[in-house]
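Worksheet: one structure, shown below.
Read-outs throughout are calculated quantities, based only on the coordinates presented, and are distinct from any laboratory measurement. As the structure is a prediction and not an experimental result, all values here were calculated from the model. Cβ placement follows ideal geometry from the backbone for every residue including glycine, while neighbour counts extend to all protein chains displayed.
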Amino acid sequence: MLGRPSYLIPIVLAVCLATSTYGELVARWPLSGNTQDVVRGHHGTLVGGAAFVQDPDRGTALQADGTSGHVLIPHADHIGFVEDRNFSVALWVKPASLPRTTWTTVLAKNRDIHYNNAYGIWISPENQWHFRFGAASGNANQPNAPAATAQWNHLAMTHDPATTTLRGYLNGVLVYQNTTASPGTLGNTALWIGGAGGVSEFYPGLIHEVQIYDHALTVEEIQDVMLGIGMETELAGDPHPADNEDDVPVDPVLHWTAGEFAATHDVYFGTAFADVNDASRNNPLDVLVSRGQTGTMFEPGLLNFGQTYYWRIDEVNSAPDFSVFKGNVWSFTAEPLAYSIQNVTATSNGIIDAGAGPENTVDGSGLDAEDRHSIAATDMWLANLPTDEALYIQFEFDRVYKLHEMLIWNYNVQFELVLGFGLKDVTVEYSIDDDNWAVLGDVEFAKATARADYVANTIVDFGGVAARFIRLTVNSGWGPMGQFGLSEVRFLYVPAQAREPQPADGAMDVDPEIAPSWRAGRDAMSHDVYLGTDAEELPLVDSVVGTSLAPDELTFGTTYYWRVDAVSDEVWTGDVWSFSTQEYAMIDGFEAYTDDIDAGEAIFDTWIDGWVNNTGSTVGYLETPFTERTIVRSGRQSMPLLYDNTSAPFYSETSRTFDSPQDWTVYGADTLRLFVAGRAPAFAEAADGTILMNAIGNDIWGNADQFRYVYKNLNGNGSITACVDTLDISPDIWVKGGVMIRQSTEAGAINVFMAMTGTGGGGSTFQQRMTAGGASVSQHTYADGPFTAPYWVRVTREGNTLRGYTSPDGENWTQRGDTITLAMTDPVLIGLALTSHNVNQATSAQFSNVAFTGNVTGTWQVAEVGVAQPEGNTVAPLYVVLEDATGRSAVVTHPDANIIGRSGWNEWQIPLSDFSGVNLSRVDTMTIGIGNRTSPTAGGNGVIYVDDIAFGKPATGQ
């Protein structure tokens, strides 16, 4: 483990992220639409009920059905490890339908029924992750493993032959470790993803990004792998259009990300997979369309509507070897000439029997996957003539469309050839507004076949007319019965309106530098763009020939509405879209820092501390990793700032000087924001009686408690009342903090406890232990919650009668649970109790308005019940200093004097106007300090964590 050097560290102002190399990545199956190994070209095959689906978090992923679906990958030496080789495997999984009562195979190689001579990851019948490499195997000792089925889990397994140690990791945390002297030898069998050979132990759920390394990854490297760091390969990647994408414009620009060592690129493009896959420089097969190009873009020209195309990028190294790395074959399908209109409403003036309404003609009922219609009458429309007018059926769309065609499935019951209920002579009309109608013409509809495989056999050409309403007036049918019907109608349109906005409609956290773009309306010559903050009053901001807009400066934290009207031979009014700009732009999220001191990339190379500025601060830990990786607000790192104000200058500061002056006034910015997590003191009482305290502990429950207790003595009758101002529930939902009467500080002492909780108890609970060392009981966890701090709690004692109460305001009280009869010997202890429900992570609480009745004596006593309690921070002011490029500076102190004594992440929004006299368009240095730099006095020490420093403007009224 590396440590921080003892000499002064040179100041480095620029920070960049270095790419890590962890031995060789020997196999990688992203499972983002195919089963190809993008590192070695060692490809797998989809088997059984396995398919690729879209996931909102990870894009395309493999879906295994839990019955037969899996990917089968033939043996190769680089994935078949023996006992003396380093090894790691990593992958993302999102399980479904768990827990299961049998073994479930996520990934396995050389699996036999006894698990021998194998490597892989399973879910055990006990519903825990199970890791195996040869003879070394076991379950992750995680009480809640596997994680919730609704979320992605990252799994990693490593083998270190030097120590013959197998390790398993869940979401970057070590959860299993075992050492064996005989890890076994792996044979030449297939690798299974989502299943296992010879047994029915198939995995149900999603799998993504399977990777194999010839190196035992460290925990830091696994965390990097989770973020996608170190994924460079020789092959081209990130194709656009994406692999298997459909509805691609017929004039696309193909582009990709170059392979790690590529100097030039060979582009293969065609309509036959075999040609694109088999072609080479020596045998181009008329699909080598660009050889040795240096750029990563290619324009294939105007494509055919609805055609599927295949393409491949071979990466070519530079001299001297000019090695060619054959790329994966990707595919996409060009947009169709016309699209089907969705959400059509059908009405009719006919007299209709129940179940035979006009909606049956537009809801897809009776159609199979190949558009063949059934013979079931309940899938169709059938009507009798109205009394005083001609029969019609009318269709309404959600907007005006440029109509291309109408497909007709006529009435198709079993005896239709005899009955003739189908329409024959029909007048087709269209309208934009349902008032002014135009006649398209009179059309004869073909008779249906009366077979269950009936396909549309009438096509009406609309020729691109603009319409929102279509009316079919019945002039005659195919029979004399006086009833008329249709099976299905489908309308196709040419996309004349602009579509596919970027940012997407309703998008949040959009960069205010955005240049909104869209997909052009078909045949549009230009586009009129309207944009503003009022959806009802959108001003025209520009008319553009292209498909993007460079608007005037947008503002942070604002919702914008916009519309694009396509202009061709007429104006096609677009939909109104919206997006909301991000509230803040990041100044420092602390993600870019590494532990590379030589490269100047450690956090203390940028955030200068007491090792250089002679204050009592220390940024980062003394040994790697230097950043904090557990107490993190977002991402995977935050800045630990240790302070020691016990000696001169009695304050602690860290400063960052920027490479060049920063403009924090752009996009309407008016606020500096940062997040701070402190540590509550063990116990501190302010002058106004406010009490701040911390605690750890498994629980106040069971036969023995673990918590911090601050108390006084009570003889006879009495009570304690307190307001729980804050309660940090980040360690666990069963955090508890409240008021207690207790016989002693023994862990198993009898007690009554009225507590606020996290969501585990609905916000409050009244509990007791009735006999020393006995089990705790709860009178109730309250279903009329949840209650959230601030909330009031009270416990009263009258002889042997004890009661618990809660109140939202300290005035109106509700008794919780039953009245308790419990004999205690005077004096009893009466006070405040707090536990984190997590022995490894502290919680904090603030109490105010603490009041006693009865004969309560003594000063506050602090007890560590059942487990040693943490010291916590010494409370001191927290401040920020900004200095501009001319040296003018201003200090702003946090309004909460106890802020560094509060655990959990606390947001601090500072109006930029508070930094009086500083030129905020030329910010040079930012300082974070603890103490009082203007009137320093000796204080204590502790640590805070800082994350996500940003500037911007908070959204209001949205």
Q) Under a straight-distance cross-link criterion of Cα-Cα below 21 Å, which lysines are reachable from K94, leaving out those fewer than 8 residues away in the same chain? A) K109
Q) Between E623 and N277, what length in nm is gained on full extension when 0.36 nm per residue of separation is reduced by their alpha carbon distance? A) 119.4 nm
Q | Two-site FRET efficiency, S526 against S634, from Cβ-Cβ distance with R₀ of 35 Å, rounded to 0.05 | A | 0.25
**Q.** Order of R451, R633 - criterion: other Cβ atoms within 10 Å of each residue's Cβ, fewest first
**A.** R451, R633
Q | Computed [θ] at 222 nm, helices only, for the chain once each DSSP H run of length n ≥ 4 contributes -39500 (n - 2.57) | A | -500 deg cm²/dmol
Q | Modelled FRET efficiency - R0 51 Å, E537 with T218, Cβ distances, 0.05 increments | A | 0.30
Q) HN-Hα J couplings of the range 310-326 from phi, Karplus 6.51/-1.76/1.60, θ = phi - 60°, integer Hz, Gly and Pro as x? A) 10, 8, 8, 10, 9, 8, 10, 6, 7, 4, x, 8, 6, 4, 10, 10, 5
**Q.** Sequence-distant residues sharing a close amide H with T264 (under 5 Å, placed H)
**A.** V316
Q) What does the charge add up to near D511, with Lys and Arg as +1, Asp and Glu as -1, over the other residues with Cβ less than 13 Å from its Cβ? A) -4
Q) Got the relative contact order for the range 237-318 handy, in percent, Cα pairs under 8 Å and 6 or more residues apart? A) 42
Q | Contact order normalised by residue count of the chain, Cα under 8 Å, 6+ apart, percent | A | 9
Q. With each pseudo-label sitting 7 Å past Cα toward Cβ, what's the E553-A390 distance in nm, one decimal?
A. 6.3
**Q.** Derived scalar couplings ³J(HN,Hα) [the range 65-70; Karplus, 6.51 cos²θ - 1.76 cosθ + 1.60; whole Hz; x for Gly, Pro]
**A.** 8, x, 10, 8, x, 6
Q) Residue-wise, which Karplus ³J(HN,Hα) couplings in Hz belong to the range 448-454, taking 6.51 cos²θ - 1.76 cosθ + 1.60, θ = phi - 60°, and x for glycine or proline? A) 6, 9, 6, 10, 6, 10, 6
Q: Figure the gain on full extension for A515 and A823 (residue separation times 0.36 nm, minus the Cα-Cα span) and round it to one decimal in nm.
A: 103.5 nm
Q.
Using a Förster radius of 22 Å, what is the FRET efficiency between A775 and V173 based on their Cβ-Cβ separation? Nearest 0.05, please.
A. 0.10
Q | the range 683-865: C-alpha gyration tensor shape, a/c 1.5 cut-off, then a/b vs b/c | A | rounded
Q. Taking square-rooted eigenvalues a ≥ b ≥ c of the alpha carbon gyration tensor, is the range 237-318 rounded, prolate or oblate, where a/c under 1.5 means rounded and, failing that, a/b exceeding b/c means prolate?
A. oblate
Q | Under 15 Å from the S476 label point (7 Å along Cα→beta-carbon), backbone N, the range 424-447 | A | 424-427, 442-447
Q. Out of these labelled values of Rg/Rh (Cα atoms, Kirkwood Rh), (1) 0.98; (2) 1.06; (3) 1.04, which was calculated from the coordinates shown here?
A. (3)
Q: Search the structure for amide H atoms under 5 Å from the amide H of Q706, placed 1.01 Å from N in the peptide plane, and list their residues when 5 or more places away or on another chain.
A: N698, D699, I700, W701
Q. Remind me, relative contact order of the range 499-582 in percent, using alpha carbon pairs under 8 angstrom and six or more residues apart?
A. 38
Q: Would you kindly state how much longer the chain becomes between I459 and A938 on full extension, computed as 0.36 nm times their sequence separation minus their alpha carbon distance, in nm to one decimal?
A: 163.5 nm
Q. Please identify the chymotrypsin sites (Phe, Trp or Tyr not before Pro) of the range 386-482 that satisfy two criteria: DSSP loop assignment and at most 15 other Cβ atoms within 10 Å. Which are they?
A. F415
Q.
Over all directions, how big on average is the projection of the convex hull of the alpha-carbon atoms in the range 503-652, in square nanometres?
A. 13.6
